[in-house]
Amino acid sequence: MKRRGAGVWVVVAFLLTLQCAAAEDNLPVYREIRHRLVFDAPPFKVFNARIAPGDRSGFHAHRDPTLYVVISPAFMRTREAGGEWTGPQAELAKVGAIEFRDYGQIPQNHQVENVGETEFNMLGIINESTGDTGKDPAAEFDNAWFSARRHRLDSSAVVPEHTHKYPVVIVQVSEGRSDVVEHGWPVAPKTVLGNWSWHAAGVAHTLRNTGATEVEIVEIELKGQSMSGANK
């Protein structure tokens, strides 16, 4: 009887291990501890991935189209669920680079590890909507889910007042100082690389350089429907 009882507990422990592993493999990226959810306005989510040198994430799942903005690149390697480590990449991405992944078409379960000497810091924007086929001919990047424009502003320069059909995320991708003006008031001051803000659809705004040096800003329109938002 004792042996049978011990065997039952071994089976239970094994099944619990499998259950935990399955749950980990299906953990949404924004629930993984190193991919912190910083804003949620369905059907959009914004998360900040930060991984120190020598550290690694847990396994997590990507399921929807995602646009990344590189804040601090690092040499990373990755491991698919049940697979071996691959990487790191041959070259570092550039600060401020935009990278798109169509996880809606090619879902991914993996973990990542920072094998470099600098912190990995990236802003991720998830679009769970069906998107929009409209095009922006002035955009640096444009597809059914995201449209991104890049602005390089000299001291005191501005991007004239304009509006967007859909919500926008505005990210400062250089050192310097900038701001967003709505209804004549500054609403989103940015003072360091990586500061970002969310702006509701249809609200007229101006971008301006409030510092003494050139500043670079990425303005990303999220195609779909959402609610009003917040600044970071």
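We did not get these values from a lab; they are worked out from the coordinates using the rules stated. The model shown is predicted, which means the values in this text are computed figures rather than measured ones. So basically every Cβ, Gly included, is an ideal-geometry build from the backbone, and we count neighbours across all protein chains shown.
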Using unit Cβ charges (K, R positive; D, E negative) and no other charged atoms, how large, in debye to the nearest 20, is the dipole of the chain about its Cα centre? 920
Residues of the range 185-218 with amide N under 13 Å of the 7 Å Cα→Cβ point at residue 158: 185-187, 205-210
A chain fully extended from residue 63 to residue 80 at 0.36 nm per residue, minus the present Cα-Cα distance, gains in nm 4.7 nm
Tell me the angle of helix 2-25 to the major Cα principal axis of the chain, expressed in degrees between 0 and 90 and rounded to the nearest ten. 20
Residue 26 to residue 99: FRET efficiency via 1/(1 + (r/R0)^6), r the Cβ-Cβ distance, R0 35 Å, to the nearest 0.05? 0.90
Rounded, prolate or oblate, given the Cα gyration tensor of the chain, with a/c below 1.5 counting as rounded? prolate
5 angstrom amide H check on residue 39, placed H, neighbours 5+ away: 46
What FRET efficiency, computed as 1/(1 + (r/R0)^6) with R0 = 35 Å and r the Cβ-Cβ distance, is obtained for residue 92 and residue 183, rounded to the nearest 0.05? 0.30
What is the dipole size for the range 120-232, taken about its Cα centre, with +1 at each Lys and Arg Cβ and -1 at each Asp and Glu Cβ, in debye to the nearest 20? 120
Starting with the fewest neighbours, write out 95, 218 ranked by other beta-carbon atoms found within 10 Å of each beta-carbon. 95, 218
Counting each DSSP H run of 4 or more residues in the chain as -39500 (n - 2.57), what helix-only mean residue ellipticity at 222 nm follows after dividing by all residues, to the nearest 500 deg cm²/dmol? -3500 deg cm²/dmol
Just to be sure I follow the rule: in the chain, considering lysines 8 or more places apart or on different chains, how many pairs have Cα atoms under 30 Å apart? 21
